[in-house]
Amino acid sequence: MSRAQRLAGHTGPAGLESWGPHVVAALSLGVSILLLPTGTAAAQPTHERLADPIHRAKRATVGVLRADEGTEAAPSKAHFSIRGTGVHLRDGHIVTARHAVTRQEGSQTVLAETIAVLTEDFHELSAELVGFSEFLDLAVYRADPESVPAILGTVSLGAEEPAPGDEVFTVGYPLGWGPTLGFGRVGNSNTFLPTLQSRLLQLDLTACSGNSGGGLFNADGDLVGFVHAIIQTEGVEGERRCSRMAFGVPAQLADRLINALIRGERTGFPRLGLGLTSVKLGTQWRVAVSSTSGPAREAGFKEGDILLTIEGNKIVSAAQLKSYLLERTRPGQQVRMTVLRDHREATLVVTLGRF
């Protein structure tokens, strides 16, 4: 147990028995992967260092009410029905998970244009949609700055991304109540799930359905990520809604998108247009092309090409290539890639498209 966990009196559930086989939205309770929020890292936080950052993180965290809550037409209830978690950045701008603010209307998934959120001291605010990204599963809303109570805090982006082993914490509304605190560590900082195309932080941190969209914070209280999903397992007691195998969208990656949405700019991420597979070259497994479309097809890539480098950087895995494209390139940019084709190296120049 980490020092932060001891200070919080938090022990967490037992470890996972096995990986769940399915990928689903966090709001679908009792499934194998649930989408929800995550946190960031810091080394050896002390009680003195954490006390104020935790307070600031709690003040900046809001609960996202269900659609029938917070309206004059809704009947009085003995409790609030909270569907997800959000974090207030600045000037009334609130970020949450996109899947936490959608609803099903027949066969269509509809994103809420207006949401109601609840602050730590039970102030209710209405916020209007600014923009969203399916690619990163994030949505940005804005409450009228003049209606934002002084209790609602702000958070800053961490200067550095957390490294494996760093301690992090998250604030959220798991299973519809809170705010609660979860403490843990960053695991693999370069992992992928079928729920998103972007890189994710894998976390050893307790999170549940309802944590979706909450912030991940380092020991200074700086934002390092947003909770996205958990791996959920099944045991003799049936399906569970919580897990210590959580995943978060890195704040360094999300920051570019969020700022573009706030500025009203067109958002997007680079598209290469390659389907990838693995092939064995000698004793080493390498990344190869399984299909081509769009930019890659126009650049001359062919099925069976073994990918060697991108802009001089060796390609060692599909995850590493995705990370490079997402974080170091832009739509419309030209990149040089080398491939091995028929035992000969070839250089191809591709103009990246847009997601």
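Looking only at residues in the stretch 305-345 that are among the small types (Gly, Ala, Ser) and more than 15 Å from ARG286 (Cβ to Cβ), which one is farthest from the chain's Cα centre (by Cα)?
Restricting attention to the stretch 305-345, the residues satisfying the condition of being among the small types (Gly, Ala, Ser) are 312, 317-319, 323, 332.
Add one more test, that the residue is more than 15 Å from ARG286 (Cβ to Cβ), and what stays is 312, 323, 332.
Numbers: GLY312: 29, SER323: 14, GLY332: 25 Å.
Out of the qualifying residues, it is GLY312.
Against the definition (open to solvent by less than 20 Å² (accessible area, probe 1.4 Å) and not polar (S, T, N, Q)), how does GLY165 come out, yes or no? Steps first, answer last, please.
Details: open to solvent by less than 20 Å² (accessible area, probe 1.4 Å): no; not polar (S, T, N, Q): yes.
No.
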Residues located in the stretch 265-309, provided they are open to solvent by less than 70 Å² (accessible area, probe 1.4 Å) and part of a loop (DSSP other than H, G, I, E, B): THR267, GLY268, PHE269, LEU272, GLY273, GLY282, SER293, GLY300, PHE301, GLY304, ASP305
Filter pass, PHE122 being open to solvent by 20 Å² or more (accessible area, probe 1.4 Å), of a type in the set (Phe, Trp, Tyr) and under 14 Å from VAL62 (Cα atoms): yes
Conditions (1) open to solvent by less than 40 Å² (accessible area, probe 1.4 Å); (2) within 24 Å of GLU160 (Cα to Cα); (3) free of Cβ contacts under 8 Å to residues at least 24 places away in the same chain: number failed by THR180: (2)
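So that you can scan it fast, the table gives a plain yes or no per residue for (1) open to solvent by 10 Å² or more (accessible area, probe 1.4 Å); (2) over 29 Å from ASP52 (Cβ atoms); (3) not hydroxyl-bearing (Ser, Thr, Tyr):
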position: TYR173; (1), (2), (3): no, no, no
position: GLY210; (1), (2), (3): no, no, yes
position: VAL227; (1), (2), (3): no, no, yes
position: GLY248; (1), (2), (3): no, no, yes
position: ILE262; (1), (2), (3): yes, no, yes
Tally, over the stretch 183-199, of residues that are surrounded by fewer than 24 Cβ atoms within 10 Å (Cβ to Cβ) and among the aliphatic types (A, V, I, L, M): 2
Failed item in (1) open to solvent by less than 40 Å² (accessible area, probe 1.4 Å); (2) closer than 24 Å to LEU193 by Cβ; (3) at pLDDT 95 or above, with VAL335 passing the rest: (2)
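The values are calculated or read from the model by the stated rules, or taken from the named source; none is laboratory data. These numbers were taken from a predicted model, which means no experiment stands behind them. Every residue, glycine among them, receives a Cβ derived from its backbone with ideal geometry; neighbour counts consider all protein chains shown. For the accessible areas, the whole protein counts, side chains as well, though only heavy atoms, and no ligand, DNA or RNA atoms are used. Shrake-Rupley method; radii C 1.70, N 1.55, O 1.52, S 1.80 Å.
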